[in-house]
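What follows is a set of notes on a single structure, which appears directly below.
Quick note: the coordinates plus some simple rules give every number you see, no bench work behind them. What you are looking at is a predicted structure, and each value in this text was computed from that prediction instead of being measured. Counting neighbours? That spans all protein chains shown, and the Cβs are built from the backbone with ideal geometry, glycine included.
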Amino acid sequence: MKYGFVKVSATTPEIAVANCDRNAKEIIELTNELAKKETELILFPELCLTSCSCGDLFTQPHFIQACNNSIAKIAKETAVCDCVIVLGAPIENRNSLYNCAIIIYKGEIIGIVPKRILNSKIGESRWFTSSDNLSNDSHATIAGKKIPFVKNGLFCTDSYSFGIEIGNEAATLTAPGAELAACGATIILNPTAQRAVAGTHKDIQRNIAEQSARYKCGYIYAGIGWGESTSVATYPGYCAIAENGEIIAESGYHIPGAHYTITDIDTEKCIKERKGDNCFACTTTVTEIYIPQAANHNTTLTRHFTAQPFIPKGYTLTEYCNEVFAIQAVALAKRLTHTGAKRCVIGISGGLDSTLALLVTAKACDIIGMPRNSITAVTMPGFGTSDRTYNNALTLMQALGTRIREISIKEACIQHFKDIEHDINTHDVTYENAQARERTQILMDIANQENGIVIGTGDLSELALGWATYNGDQMSMYGVNASVPKTLMQHMVRNIAGNEADEKVKYTLLDIVDTPISPELTPADNEGNIKQKTENLVGPYELHDFFIYHFVRHGFAPEKIHLMATTAFDGKYDSETIKKWLTTFIRRFFTQQFKRSAMPDGPQATCCALDPQNGWIMTSDTSYAMWMQNCERIE
């Protein structure tokens, strides 16, 4: 798969205790099945070739030889499969036995990774020796070939690299995966023989997710399961695949028979997350083993992507909205106390952005003990103001106890059009921007009158698209919504309506969320309804927020974003529609950078920010030709 995606599987075969031939046959069948599903990397559990509960049978030479023969058989009979296989088996060297992961590719045994940190709780050292006892040039002989033991091994293909930590090693202070990730492994594999204990499953899930977050990598966990001995324990056969802190695919628990889970790990995203993090500046020597697997397999993307990436998994929507809101309010409270401002001045249109900004401002005043009537909320009707937004603005201001000022901008704009000799019937960009700048002038001058600061209302989505008038609504003295995308803003206002507002305010807030997004800078239609609808002009905000997240947060190319978007919005937008608005996004994002270069201060409340201080840094005349060419290649 192109774009850094690697199709992987965590696989649990049905085990027969101490029956290597039976287990090898199962592994071969599963490998052939998974290869047909275009899997590039398959992980089987720890000691899955023998079972983990063979006890003192591990000390019998002919049993270990039978295991070696089965490894050779697996290699031979999967030679036609273009997938890397990693499976667990005991391997002998001189007078010691090692618990190992075996790496196989196209009939060749590539290497053997021995376990270093043995599990003392189950007495693993009775049969196995730590890899610390192996010299760096140690090897095992399998099917007449010398196979190297690889300590601190980094296995590299042309498109990804992986390292291995076995079983309980992942939970130790010196987990091998940490070192291997620091040295470049974008995927860490954990073949395990974890026992089932009631109440620990959620801990295991959390640990897998946390391991992938800490390593900033893809993480594959395959546990031994059905068929394993239950003399003293049961084995849940749990399989999971995580990426950067999130489990993206998993199996059930205690599933009878063999099973597996497949998904696509985004190694490009992992690499992007690591850049600039000094923890990943490797100073350790590792052994690199090259696997000549074909780069950019033409596999089918089977992974699902959320259409709302700004809402992270692991949070309820209410929790996340409350946290973002708290960050905004505390940030504004600090700015008010620092500047000694006596009033907050904010323009209220009855639209979504100014509504959230007003709610944040009211909360900030509550935090520092400023009365809400220290907020001067100004509604400024213009040529396109609808009754719906005007009435919602008044209702909201009254409900929050602000000082209300109504100042029409019509006469001032008419005079301005006369001054610059602009035909008032020509509803072009001059007609629209004159209104936006008149409103900003009013707010700034009132702030001067009242020793206050102007609270900005523009959001992340508008900043990314440059959908703001330069030195108009683009400017304020503090922009509380600067890192909040439009789609999240809708959830936040709904959340406040449902959890904090009385019935009258709740109705108003919900109506504001349902109002078509518009700057209302051109006259309404004959029925007084909004005619100028933003999403008809620049595209759906849910698409643009998806583009923003993956372009700014992860640095993905347009082709990759398009591929992901067609999956996330399958059934809602077709490929051509997504390509159209993605091209619009790229063009506007680059050409409108000058507006972001001069944007006011504002808090980063979500994972994306575009301010030039701690967010997005780019010159205003950066060429976008390469990205537009990438858009043109989209089929």
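Miscellaneous remarks
- For the stretch 86-232: rounded, prolate or oblate by the Cα gyration tensor [a/c cutoff 1.5]: oblate
- Packing-based order for 205-216, 558-569, using average beta carbon neighbours within 10 Å, highest first: 558-569, 205-216
- Separation of the alpha carbons by more than 20 angstrom is noted, of Lys2/Lys37; Lys76/Lys146; Lys334/Lys506; Lys2/Lys579, for Lys334/Lys506.
- Cα gyration tensor shape for the stretch 5-290, rounded if a/c is under 1.5, else prolate or oblate: rounded
- A simple spin-label model places pseudo-atoms 7 Å from Cα toward Cβ; at His201 and Lys36 they are separated by 3.0 nm.
- From the alpha carbon centroid of the stretch 261-323 to that of the stretch 426-449 is 45 Å.
- Inter-label distance, Val232 to Thr430: 8.8 nm, where each label sits 7 Å from its Cα along the C-beta direction.
- In order along the stretch 480-496, the phi-based Karplus estimate (6.51 cos²θ - 1.76 cosθ + 1.60, θ = phi - 60°) of 3J(HN,Hα) comes to 6, 9, 4, 10, 9, x, 4, 5, 5, 4, 4, 5, 5, 5, 4, 4, 5 Hz; Gly and Pro are listed as x.
- Amide H contacts under 5 Å for Ile147, placed H, 5+ residues apart: Ala140, Thr141, Ile142
- Straight-line reach from Lys313: taking Cα to Cα under 18 Å and skipping same-chain neighbours fewer than 8 places apart, the lysines in range are Lys202, Lys216, Lys269.
- Ranked by the mean number of other Cβ atoms within 10 Å per residue, highest first, peptides 219-226, 155-162 order as 219-226, 155-162.
- Reducing the stretch 346-402 and the stretch 131-175 to their Cα centroids gives an inter-centroid distance of 63 Å.
- With both labels modelled 7 Å from their Cα along Cα-to-Cβ, the Lys146 to Asn391 distance reads 8.8 nm.
- Descending by average beta-carbon neighbour count within 10 Å, the peptides 456-465, 76-85 line up as 456-465, 76-85, the highest first.
- Cα centroid separation - the stretch 588-635 against the stretch 180-208, whole Å: 37
- Environment charge of Ala72, counting only residues whose C-beta is closer than 15 Å and scoring Lys/Arg +1, Asp/Glu -1: +2
- Close amide H pairs (under 5 Å, H built 1.01 Å from N) link Leu154 with Thr287, Glu288, Ile289, residues at least 5 positions away or on another chain.
- Amide H partners (placed H, <5 Å) of Asp611, local residues excluded: Trp616
- For Lys7, a cut-off of 17 angstrom between C-alpha atoms picks up these aspartates and glutamates, skipping any fewer than 8 places away in its own chain: Glu33, Glu38, Glu40, Asp82, Asp158, Glu243, Glu246, Glu250, Asp264, Asp266, Glu268.
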